[in-house]
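I have placed the structure first, in the form of structure tokens, so that the comments after it can refer back to it.
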Amino acid sequence: MMNPEPEHRIENERRTGMEKQLEELYSSIQELKRENEKRKAPDQLGWDDIAQEIIGAVTFALPFLFTAELWEIAKDISVERSLLVFLMTLGVAYLFIAKSRIGNLKREELFHVPKRLLTVTGIAYMISAGLIYLYGINSLADFTARQYLNATILISTFAVIGAITVDMVK
């Protein structure tokens, strides 16, 4: 008569091996779930986003910075119209950031204003004003203070759109 113990031992070893494989599979599935949830999580405003906004603002502002037609418009446009362009730019930026579902962005607000709107516009306007000064466009075009402001607002229209676009692309 055969001894059933070796058969029972082999069965237990198989069962233990299968249990280990199942545990490994389960832990792998759990890790994949965590990675997927992290990937789906909304993007919180951080330094990487600030860098992207700077790159987008510079990239979109530079071509318009060297356009003599824009300089002439900045000289001729009234401050009221320039402020309307400013408000229009803020409105479009708000729609892009707060109302569109283009990017997977976390809703972060400061005094009921989206933080990204503040960073995008702040960066775009500072970069536009800085580039006008850096490249000497203000002296080349012979801008007054009002015309400098107008040129900054006009160039920033494109810089804001560029900053938003690059920031939303992931």
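At 7 Å along Cα-to-Cβ for each site, give me the label-to-label distance between Asp48 and Ala68 in nm.
Label at Asp48, label at Ala68, 4.4 nm between them.
Round to a whole angstrom and tell me the spacing of the C-alpha centers of segment 118-170 and segment 41-101.
7 Å
Computed from the coordinates by the stated procedures, all read-outs in this text should not be read as laboratory data. Please read these numbers as outputs of a predicted model, since none were measured by experiment. Cβ atoms come from the backbone with ideal geometry, glycine included; neighbour counts cover every protein chain shown.
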